[in-house]
Protein chains: 2
Amino acid sequence: MQQTTGRGNQTYHHGDLRAALLEAAAQRIESQGVDALSLRKLADDVGVSRSALYHHFRDKNALLNAVAARGFEQWIAVSKARANSPDMTPEQRLGQFVHGYIHWSASNPQLYDLMFGRPIWKTGQADDQLKEIAYPAFQFMLNKITQWQQEGIIGQSMPALRQTQVIWATLHGLARLIIDGVYADSEHIDDMCDCTVAMLLKRD
Amino acid sequence: MQQTTGRGNQTYHHGDLRAALLEAAAQRIESQGVDALSLRKLADDVGVSRSALYHHFRDKNALLNAVAARGFEQWIAVSKARANSPDMTPEQRLGQFVHGYIHWSASNPQLYDLMFGRPIWKTGQADDQLKEIAYPAFQFMLNKITQWQQEGIIGQSMPALRQTQVIWATLHGLARLIIDGVYADSEHIDDMCDCTVAMLLKRD
DNA sequence: GCTTATAATTTGACACTGTCAAGATTAACA
DNA sequence: TGTTAATCTTGACAGTGTCAAATTATAAGC
């Protein structure tokens, strides 16, 4: 039941079907949403038969997990790159992080939905590989916010863990409201980000 | 193509199939989630044939809209009842509102997901009836937060609309993190709520 | 009370979905 | 070159939402 041939040698019939499926799936998800992803149409896109997919992924959920994992890798890379701005005040860095977080989620709405949405996590359908990639993202978030707390630019009266949960909830909630188009138009993203920063910073 | 017989006289073959379907659907959604709702199994529950449903709802999405509408009615009722606590300081009322919001969403996770989730709003599948019931909920939220601003217990430097969007995002995000089980265990709901209140209030 | 019109419900059917078992094809390796 | 093992295809099954036509039960008119 080992579904992958390892990691290096991926040149079989198709060449690299696994990667092709992942790419096509990510593309279709981003353009039409997770629910609109059909394995059969996906196979058509790649030019392969219906159930060829099952030699590379256990089932549909495993494919979604892999796409989400790719998303986390990208998310972490972008976040870390954004964090390396040496000549900035801590307040500016916080501001840049907020804007960056929201803009990334608004630019990849369907992927964000897949990564942080209910289906994968709540129903316990996240496999071990995804968890291994996702938890560093959570850790990154925790470190970031703990750092702000230590720099004294956000409130310090609450435990770092709670503070992290609430601040992340704020970012996550704003991202979702914008993505879902619920009472938050995407034209005023920067305004809402600025307001968020003002609320997070100690003195408004 | 008038799909309902009005509103008063609902005594036909089944008695009131529309209400029975709504009730059974709401129950199944809350126990197993929106994605697990099958129209055929739903018909079995009510003891009726597959496509009897189509004489009361245009399609599956219309049924989901109706369930969501019921949810908004309930949400508004609970929220308004919670707001009528005369012998309380404004700060206490804010605290009670936060705890109430989170607890309601945690007690009705699947319904909350249906009401404020992506599928209905983002994809423009919300019909007019749902919009008519949902927007008062948004208005209620706006009034609430504007009131806090006027009472001076939260920041006033930002426009009320932006402040409302960000504060609601905070509540919404916290609710989702708890519901989805993403990095927020449901055992510490009250702690997280307290932390949220501390962040919202002017001085921490 | 009987007939007629109308609404409610059922049955049959269609296209679509994810998934599996068995067979065919092709690459890797001795 | 012959064997093995991986990859891919075809056929099939149960399940889904939805529609058209046929059937049944209710309400209205005389």
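Averaged per residue, what accessible surface does the stretch A:68-200 expose to a 1.4 Å probe, in Å²?
Numbers: 5180 Å² over 133 residues.
With all protein chains present, the stretch A:68-200 gives 39 Å² per residue.
Ordering A:140, A:57 by how much accessible area each has at a 1.4 Å probe, largest first, what is the list? Don't skip to the end; give the middle numbers.
Details: A:140 30, A:57 5 Å².
Highest to lowest solvent-accessible surface, that is A:140, A:57.
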So between residue A:41 and residue A:143, what do we pick up on full extension, going 0.36 nm a residue minus the alpha carbon distance? 32.6 nm
Between residue B:61 and residue B:31, what is the spin-label point distance in nm, taking each point 7 Å from the Cα along the Cα→C-beta axis? 2.9
Three semi-axes of the equivalent ellipsoid, the protein assembly as shown, Cα gyration tensor, whole Å, largest first: 35, 34, 17
Ordered shortest first, which distances in nm separate the 7 Å Cα→C-beta label point of residue B:19 from those of the other copies? 6.2
Which of the residues in the stretch A:174-189 lose at least 40 Å² of accessible area when you go from the chain alone to all protein chains together (probe 1.4 Å)? A:176, A:177, A:180, A:182, A:183
Here, residue B:125 and residue B:186, labelled 7 Å along Cα→Cβ, have an inter-label distance in nm of 2.4
Computed FRET value (nearest 0.05) for residue A:54 with residue B:87, which takes r as the C-beta separation and R₀ as 45 Å: 0.10
Probe 1.4 Å, all chains present, heavy atoms only: residue B:132 accessible area in Å², nearest 10, is 140
Derived scalar couplings ³J(HN,Hα) [the stretch A:103-114; Karplus, 6.51 cos²θ - 1.76 cosθ + 1.60; whole Hz; x for Gly, Pro]: 5, 5, 5, 6, 7, 10, x, 5, 5, 4, 4, 5
Is there a simple number for the mean count of other chain Cβ atoms within 10 Å of the Cβ of residues in B:25-37, and what is it? 1
Please calculate the 1.4 Å probe accessible area of residue A:186, with all protein chains present, and give it to the nearest 10 Å². 80
What are the distances, in nm and sorted shortest first, from the label point of residue B:151 to the label points of the same position in each other copy, with each label point placed 7 Å from Cα along the Cα-to-Cβ direction? 3.4
Quick check: at a probe of 1.4 Å, how many percent of the accessible area of chain B sits on carbon and sulfur atoms? 49
Which value, in square angstrom to the nearest 100, describes the accessible area buried between chains A and B on both sides, using a 1.4 angstrom probe? 4100
Take the rotation relating chain B to chain A, measure from its axis to every Cβ in chain B, and name the nearest residue with the distance in whole Å. B:173, 1
Inter-copy distances for residue B:32, label 7 Å out on the Cα-Cβ vector, sorted ascending, nm, one decimal, are 2.6
Residue-ordered couplings for the stretch B:146-159, obtained by feeding phi - 60° into the Karplus form 6.51 cos²θ - 1.76 cosθ + 1.60 and rounding to whole Hz (Gly and Pro as x), are 4, 4, 4, 4, 5, 6, x, 9, 10, x, 10, 6, 9, x
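The values are calculated or read from the model by the stated rules, or taken from the named source; none is laboratory data. Keep in mind the model is a prediction, meaning the values are calculated, not measured. Neighbour counts are summed over all protein chains in view; Cβ atoms, including those assigned to glycine, are modelled from backbone coordinates with ideal geometry. The protein model used for the area step is the full one, side chains on, heavy atoms only, and it has no ligands, DNA or RNA in it. Shrake-Rupley method; radii C 1.70, N 1.55, O 1.52, S 1.80 Å.
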